[in-house]
Amino acid sequence: MPASAEHKLRALVDSPLFSGVISITYRGQTLLEHAHGLANREMNVPNCLGTRFATGSISKIFTAACLGRMVDAGLCRFDQPLTDILPTLRPHFAEDMTLASLLSHRSGLGDYIDDDAELPFAGMDTAKLNCPADFLPYVLPAERHPPGAYRYSSAGFILLGLAIEALAGEFFLAAMVRWVFIPAGLICTGFPPLDAPFPGFAPGYLPDGSPNFGHLPRTGGPDGGIVTTVSDLRRFFAVLRDGPFLSPSTREFLFQKTSQINEHAACAHGFKIIDIGGEPWLGHTGSDPGVSARVAFSAEHDSSIIILCNVESVAFEAFRLAREWLGADGRR
């Protein structure tokens with residue numbers, strides 16, 4: 001009899017291929033929580049459930065939540081043109097480029113990196129990439145396409161980060177603390193420098209075994225690089241799901257399907273929608289040199305999948321097996 005998805009998943013996350021943490025909760029019941037591998041190979045420090053990981057594009061759901069709270073506060077509108085907020089960008093971007101079109105990857109803006117490249121930030125002075133404005137020289141030359149169709153664009157989230165700064169009147173990192181991290185009760189989430197190790201953090205490791213220092217922007221931002229933990233993500237999903245963190249209308253807007261990506265996934269506003277057991281869950285993918293992450297949560301009940309790894313790719317196979325396990329008969 002073939003091994004079940006659950007058995008394959010448990011074998012994978014206890015194998016040498018896996019370095020990271022996994023947490024699966026379904027309707028309030030913890031099905032699996034496990035840490036494996038080394039957080040810091042040089043110091044022989046093991047991963048644990050409280051280890052902090054860089055998570056690539058998981059940043060995007062935090063950026064979306066920040067803008068949602070700003071909409072609720074009356075500082076902006078989702079249908080507002082970007083150049084209303086950032087008039088200095090009028091020579092570069094059309095009036096039909098709205099916050100909503102950037103959140104949904106339908107603005108027509110191309111990207112400033114090749115996500116399929118082995119080292120997407122090669123050729124950039126990553127030590128000088130510390131805030132959204134530092135990325136503008138790479139974002140402004142990005143290709144332009146007719147708006148309306150889904151076209152994944154991290155460049156668009158750099159622009160959203162600039163909008164957040166203008167609306168908040170402070171730097172992006174400070175705005176995220178004030179508008180998202182503190183209200184959501186996130187104590188281990190933030191944007192520490194990613195160019196050196198620090199206690200409790202799992203640096204990413206490239207396929208050749210070397211650490212990824214210098215291969216990522218020094219500081220994460222609106223499109224990628226947020227550092228977080230399993231417990232903070234579970235807390236974040238809880239406030240996204242229910243309560244006063246977002247108004248019902250903003251929550252509905254952010255979670256609203258805008259485009260179909262493939263058979264199993266669609267795009268909302270800053271979130272991806274993943275079919276799990278016939279239900280639409282919200283989440284995102286994170287991928288950087290030495291980093292792989294997949295997260296998803298139900299908007300209806302206390303259920304989530306959180307997989308954070310300090311090696312490449314393995315989080316995606318683990319997520320595929322977790323999704324198959326939760327979608328099996330009897331687990332829906």
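Just so you know, all these numbers are worked out from the coordinates, no wet-lab data involved. Worth saying up front: this structure is predicted, and the values here are computed from it rather than measured. Every residue, glycine among them, receives a Cβ derived from its backbone with ideal geometry; neighbour counts consider all protein chains shown.
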Q.
Which of the numbered conditions does His7 fail, given that it passes all the others? Conditions: (1) out of contact with any Lys or Arg (no Cβ under 7 Å at 6 or more places or on another chain); (2) closer than 30 Å to Glu170 by Cα.
A. (2)
Q: Run down Leu99, Leu82, Leu103, Leu109 and say which single residue is free of Cβ contacts under 8 Å to residues at least 60 places away in the same chain, crowded, with 19+ Cβ neighbours inside 10 Å and aliphatic (A, V, I, L, M).
A: Leu109
Q. What tally of residues in segment 254-270 results from selecting those that are closer than 11 Å to Ala100 by Cβ and without any contact (Cβ under 8 Å) to a residue 40 or more places away in the chain?
A. 1
Q) Looking at (1) in contact (Cβ under 8 Å) with a residue 40 or more places away in the chain; (2) of a type outside the set (Phe, Trp, Tyr); (3) in contact with a Gly (Cβ under 9 Å, 6 or more places away or on another chain); (4) outside any strand (DSSP E or B), which is the only condition Ala39 fails? A) (4)
Q. Among the residues of segment 112-144, how many are among the basic types (Lys, Arg) and touching a residue at least 40 places away in the same chain (Cβ under 8 Å)?
A. 1
Q.
Looking at (1) surrounded by 15 or more Cβ atoms within 10 Å (Cβ to Cβ); (2) in contact with an Asp or Glu (Cβ under 7 Å, 6 or more places away or on another chain), which one does Pro207 not meet, given that it meets all the others?
A. (1)
Q: Scan (1) within 29 Å of Val139 (Cα to Cα); (2) surrounded by fewer than 18 Cβ atoms within 10 Å (Cβ to Cβ) for the single condition Phe271 breaks and write down its number.
A: (2)
Q) Is there any pair with a first residue in segment 10-26 that is at positive phi and a second that is crowded, with 22+ Cβ neighbours inside 10 Å and of a type in the set (Phe, Trp, Tyr) whose Cβ atoms are under 7 Å apart and which are 6 or more apart or on different chains, and what are they? A) Gly20/Phe53
